[in-house]
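Beneath this line is the structure, given in structure tokens, with notes to follow.
We did not get these values from a lab; they are worked out from the coordinates using the rules stated. None of these values were measured; they are calculated from a predicted model. Cβ atoms come from the backbone with ideal geometry, glycine included; neighbour counts cover every protein chain shown.
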Amino acid sequence: MTVNEELIQPKDAIQRLILIILGMIFLAIVVIVGWYLHQISDPYIHEVLSRQGDVSRGQAIFEINCAGCHGLEADGIVGPSLHHVQKHKSKISLIQQVISGNTPPMPKFQPSPQDMADLLSYLEKL
Ligand code: HEC
């Protein structure tokens, strides 16, 4: 079969391309918003975010559970320094980082919502 090139209008091709790009942008937005809504609807994360964290309790929890790898001052040993970690990680990703166990050798922790809220307030002060 031969393609009749006169039938393919460049204008049509550009319009189709724009439609495809718009469609992809739209899909990406739907996926991102959906993911975000899914995260904040997680009951544990919701519970943590609704609590007021106590920085000094958070620091005590950190020293017991995390300092072995991240250092007493959170400046890094086995695990990376956590200073200014809140600049590239949202509250939700910080919670995920602690509870998921997705980045071995960092273990999966299961702090109570209050302990997690305290830890979060400490991490955000670093
Ligand atoms: C066994 C060692 C170990 C322990 C214990 C540990 N971590 Fe980690 N942590 C790591 C390592 C290794 C990474 C880097 C993981 C990667 O991204 O590959 C990391 C990454 C992180 C990050 C992300 C850093 C970034 O720049 O994105 C945060 C936040 C964090 N840890 C917090 C904690 C907290 C809070 C605790 C205590 C509840 C803890 N960690 C306990 C080893 C540990």
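What to note about this one:
- Sole residue being within 23 Å of residue 42 (Cα to Cα) and touching a Cys at 6+ places or on another chain (Cβ under 9 Å), chosen from 98, 78, 85: 98
- Of the helices (runs of 4 or more DSSP H) lying entirely inside the stretch 1-114, those carrying at least 2 residues that are within 24 Å of residue 125 (Cα to Cα) and aliphatic (A, V, I, L, M) are 43-49, 55-65, 91-100.
- Candidate set: the stretch 74-109, residues that are among the aliphatic types (A, V, I, L, M) and over 22 Å from residue 50 (Cα atoms); chosen: the one nearest to the ligand (Cβ to nearest atom): 106
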